[in-house]
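The values are calculated or read from the model by the stated rules, or taken from the named source; none is laboratory data. The model shown is predicted, which means the values in this text are computed figures rather than measured ones. Methodologically, a virtual Cβ is constructed for each residue, glycine included, from the backbone with ideal geometry; neighbour enumeration extends over all protein chains shown. Remember, those area values only see protein heavy atoms, side chains included, never the ligands or the DNA or RNA. Shrake-Rupley method; radii C 1.70, N 1.55, O 1.52, S 1.80 Å.
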Amino acid sequence: MADKATFNQSFLKFLGGSPTPHHAVQNMATALEGRGFTELFERDSWKIKPGAKHFVRKNGSSLIAFEMGEKPPAETGFRMVAAHSDSPCLRLKPSPEVGMHGAWKLGVEVYGSAILSTWFDRDLSLAGRVMVKSKTGGVTSELVNWKKAVAVVPNLAIHLNRNVNKERCINEQLELPVIWTQSERGKNFRSALLEQLKSAGSDATEILDYEISFFDTQAPSLTGLAEEFISSARIDNLASCFIGLESFLDSKPAGSKLFVAFDHEEVGSRSHVGAQSAFLANTLARLCPVPEDRMRAVAQSILVSADNAHGIHPNYADRMDPQHSPRINGGPVIKSNNNQSYATNARTGAFLAECFGEAKVPVQRFVVRTDLGCGSTVGPIVAAQLGVDTVDVGIPQWAMHSCRETMGSEDAFALARALGVFYATVAGREA
Ligand code: ZN
């Protein structure tokens, strides 16, 4: 694994180059291909040999990568890391154009539980996946990214909204439509989209459908007097995608290993590509086709559910349990919840803590305040579906689900090293 500075630079590039789950999965696929992994397709017949290195995408927004060990999985189990590729944002409606008072606006749906106030007064751009008809008449999927700022949701002046700093309630339908032009071209989003695709070299002749999001064009950056912090959009949970994949690529597997990034975690994971889908179970069935072998493999496997944790915020320290308040740059966090919002149990927590010790990475613990509700992750979902022993871990961050989030510049590299040890740890080491 590279040194921390190089690692963080690649991480910032990944964050900035992945405005949507489709772009994140494309970037992960490119990284895998660069390291000798070849793509498999669900529709094809698979013949998986010992030592095989492959990945498979679903919908272009979820991805599973795996490297088979020399011994069968029934003898070693899988070391697995799961993250999610999606983040809260504003998504375009199918017929988004609204013309009012000399401006064209684009209507949006709120994807996931975004902090809405953070989307105002930003230099917004558009990116996503578009289904198009090409010159030859075929239907293909293309990625689009305007890259430059093309839209804004302006705040209302304080003179017209005197209570803005005391009480703010945002009506999603009325206040979030994004203003993007005064030009008459604004009345037909699809023709503007087609123009954009063509200017990027596409031979598309018609837009059939799309999944397009707004994103903030401000580039990810190191910040803080001593560059202690990383500030970016989508830290939750592209950080875990990047960290998980880097540790997957850089570790020497003791047995078989797997990395998965699921779409749709922020909206409950119930989709054909989310953690509640059959994607992972079906893929494991193809890697281990004999049910008896698969049961034995799962029984010896451990899954790390990697998703960010809350770091204690110096201005709001009372929102955390005093004994379980992770600090930014204090190391990755093992999250537990006896009501099973996190899947960590004593056995998996101990196993991961051992890996952290071996990597010389400090470990922090998080439990939500007893009088507050707890967030969740893909961990309990996958644990329940597969019956696999699971531990929830993540780096601490501030402002989770803001348009611009903050994390420590030490923690990502630390978690990557710890997960590298996890991937390389032989089966049967735990009791
Ligand atoms: Zn998350």
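Go over the candidates Phe356, Phe413, Phe422 one by one and state the one that is closer than 23 Å to Asp3 by Cα and either open to solvent by 10 Å² or more (accessible area, probe 1.4 Å) or free of Cβ contacts under 8 Å to residues at least 12 places away in the same chain (or both).
Working: Phe356 fails: either open to solvent by 10 Å² or more (accessible area, probe 1.4 Å) or free of Cβ contacts under 8 Å to residues at least 12 places away in the same chain (or both); Phe422 fails: either open to solvent by 10 Å² or more (accessible area, probe 1.4 Å) or free of Cβ contacts under 8 Å to residues at least 12 places away in the same chain (or both).
It is Phe413.
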Exercise. Strands (runs of 3 or more DSSP E) wholly in the range 63-156 with at least 1 residues that are within 16 Å of the ligand (Cβ to nearest atom) and under 30 Å from Pro291 (Cβ atoms) - which ones?
Worked result: 78-84
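Among Asp392, Asp371, which is the only one that is among the charged types (D, E, K, R), within 16 Å of the ligand (Cβ to nearest atom) and modelled with pLDDT of 95 or more?
Numbers: Asp371 fails: within 16 Å of the ligand (Cβ to nearest atom).
When all the criteria are applied, what remains is Asp392.
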For this session: Please verify whether the range 146-153 includes one or more residues that are more than 24 Å from the chain's Cα centre (by Cα) and surrounded by fewer than 15 Cβ atoms within 10 Å (Cβ to Cβ).
Result: no
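For (1) under 27 Å from Asp123 (Cβ atoms); (2) modelled with pLDDT of 95 or more, each residue gets a yes or a no:
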residue: Leu208; (1), (2): no, yes
residue: Phe214; (1), (2): yes, yes
residue: Ser221; (1), (2): yes, yes
residue: Ala233; (1), (2): yes, yes
residue: Phe242; (1), (2): yes, yes
residue: Leu249; (1), (2): no, yes
residue: Ala254; (1), (2): no, no
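Going residue by residue through the range 234-252, is there one that turns out to be closer than 21 Å to Thr118 by Cα, open to solvent by 10 Å² or more (accessible area, probe 1.4 Å) and within 16 Å of the ligand (Cβ to nearest atom)?
Our first condition is that a residue be closer than 21 Å to Thr118 by Cα; within the range 234-252, this holds for 234-239.
Now drop any that are not open to solvent by 10 Å² or more (accessible area, probe 1.4 Å), which leaves 234.
With within 16 Å of the ligand (Cβ to nearest atom) added as a condition, the list becomes 234.
Yes: one or more hits.
Can you name every residue in the range 14-36 that is outside any loop (DSSP other than H, G, I, E, B) and free of Cβ contacts under 8 Å to residues at least 24 places away in the same chain?
We begin by selecting, within the range 14-36, every residue outside any loop (DSSP other than H, G, I, E, B); these are 14-16, 21-34.
Across the range 14-36, the qualifying residues are Asn27, Thr30, Glu33, Gly34.
Please tell me if Val378 is more than 16 Å from the ligand (Cβ to nearest atom) and either open to solvent by less than 10 Å² (accessible area, probe 1.4 Å) or within 26 Å of the chain's Cα centre (by Cα) (or both).
Working: more than 16 Å from the ligand (Cβ to nearest atom): no; either open to solvent by less than 10 Å² (accessible area, probe 1.4 Å) or within 26 Å of the chain's Cα centre (by Cα) (or both): yes.
So Val378 does not fit the description; no.
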Problem set entry | Unmet criterion (only one of (1) in a loop (DSSP other than H, G, I, E, B); (2) closer than 24 Å to Ser18 by Cα; (3) in contact with a Ser or Thr (Cβ under 8 Å, 6 or more places away or on another chain)) for Ala254 | (2)
For this session: Enumerate the pairs (first residue in the range 37-55 and at positive phi; second residue anywhere and open to solvent by 40 Å² or more (accessible area, probe 1.4 Å) and part of a loop (DSSP other than H, G, I, E, B)) with beta-carbon separation below 9 Å, excluding pairs fewer than 6 apart on the same chain, so at least 6 apart or on different chains.
Result: Gly51/Glu70
Problem set entry | Residues being closer than 20 Å to Ala83 by Cα and under 24 Å from the mean Cα position of the chain (by Cα) - total across the range 329-356 | 19
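Does the range 256-272 hold any residues that are more than 14 Å from the ligand (Cβ to nearest atom) and open to solvent by less than 10 Å² (accessible area, probe 1.4 Å), and which are they? Outline the logic, then answer.
First, the residues of the range 256-272 that are more than 14 Å from the ligand (Cβ to nearest atom): 256-260, 270-272.
Within the range 256-272, Ser256, Lys257, Leu258, Phe259, Val260 qualify.
Give the range 57-81 a look and list any residue that's among the hydrophobic types (A, V, I, L, M, F, W, C) and either open to solvent by 10 Å² or more (accessible area, probe 1.4 Å) or in contact with a Phe, Trp or Tyr (Cβ under 7 Å, 6 or more places away or on another chain) (or both), or say none.
Residues of the range 57-81 among the hydrophobic types (A, V, I, L, M, F, W, C): 63-66, 68, 74, 78, 80-81.
Within the range 57-81, Leu63, Ile64, Ala65, Met68, Val81 meet the criteria.
It is to be established whether one or more residues within the range 298-313 are over 23 Å from Ala74 (Cα atoms), more than 16 Å from the ligand (Cβ to nearest atom) and outside any loop (DSSP other than H, G, I, E, B). Working first, answer last.
The initial filter retains those residues of the range 298-313 that are over 23 Å from Ala74 (Cα atoms), namely 306-313.
Now restrict to residues that are more than 16 Å from the ligand (Cβ to nearest atom): 312-313.
Right, trim to outside any loop (DSSP other than H, G, I, E, B) and you get none.
Among the residues of the range 298-313, not one is over 23 Å from Ala74 (Cα atoms), more than 16 Å from the ligand (Cβ to nearest atom) and outside any loop (DSSP other than H, G, I, E, B), which makes the answer no.
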Exercise. So Cys288 fits all but one of (1) under 17 Å from the mean Cα position of the chain (by Cα); (2) crowded, with 21+ Cβ neighbours inside 10 Å; what number is the exception?
Worked result: (1)
For this session: Please specify each residue of the range 157-174 satisfying the condition of being open to solvent by 70 Å² or more (accessible area, probe 1.4 Å) and either closer than 17 Å to Cys403 by Cβ or in a loop (DSSP other than H, G, I, E, B) (or both).
Result: Arg162, Asn163, Asn165, Lys166, Glu167, Arg168, Cys169, Glu172
